[in-house]
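The values are calculated or read from the model by the stated rules, or taken from the named source; none is laboratory data. Predicted, not measured: the structure shown is a model, and the values here were computed from it. Don't worry about glycine lacking a Cβ; one is built from the backbone with ideal geometry, like all the others, and counts go over all protein chains shown.
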């Protein structure tokens with residue numbers, strides 16, 4: 001895997017927990033069964049939820065809302081809004 005000497009490229013602090021857990025690993029774990037726009041939207045929701053306090057504050061929280069609404073609209077348009085209900 002490519003590693004940059006610049007930590008802001010390979011391992012920026014705003015994408016790491018205090019224990020060293022990286023957001024990219026969390027995204028991989030929670031999107032492994034998703035495809036396309038579903039994986040993209042959920043990945044972005046996770047990313048912005050994890051970094052908002054260290055990076056862009058309210059703007060990142062608004063991005064979570066944008067990607068959430070985007071995913072909801074996509075699921076509704078494609079008739080999948082009840083896919084995971086039991």
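Note on the range 1-53: residues that are touching a strand residue (DSSP E or B) at 6+ places or on another chain (Cβ under 8 Å) and either in a helix (DSSP H, G or I) or closer than 30 Å to residue 80 by Cα (or both) amount to 2.
Determine if the range 61-82 includes at least one residue that is at pLDDT 95 or above and not in a helix (DSSP H, G or I). Within the range 61-82, not a single residue is at pLDDT 95 or above and not in a helix (DSSP H, G or I).
A quick yes/no check of all residues on (1) in contact with a helix residue (DSSP H, G or I) (Cβ under 8 Å, 6 or more places away or on another chain); (2) surrounded by fewer than 16 Cβ atoms within 10 Å (Cβ to Cβ):
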{"site": "26", "(1), (2)": "yes, no"}
{"site": "31", "(1), (2)": "yes, no"}
{"site": "36", "(1), (2)": "no, yes"}
{"site": "44", "(1), (2)": "yes, no"}
{"site": "51", "(1), (2)": "yes, no"}
{"site": "55", "(1), (2)": "yes, yes"}
{"site": "67", "(1), (2)": "yes, no"}
{"site": "70", "(1), (2)": "yes, yes"}
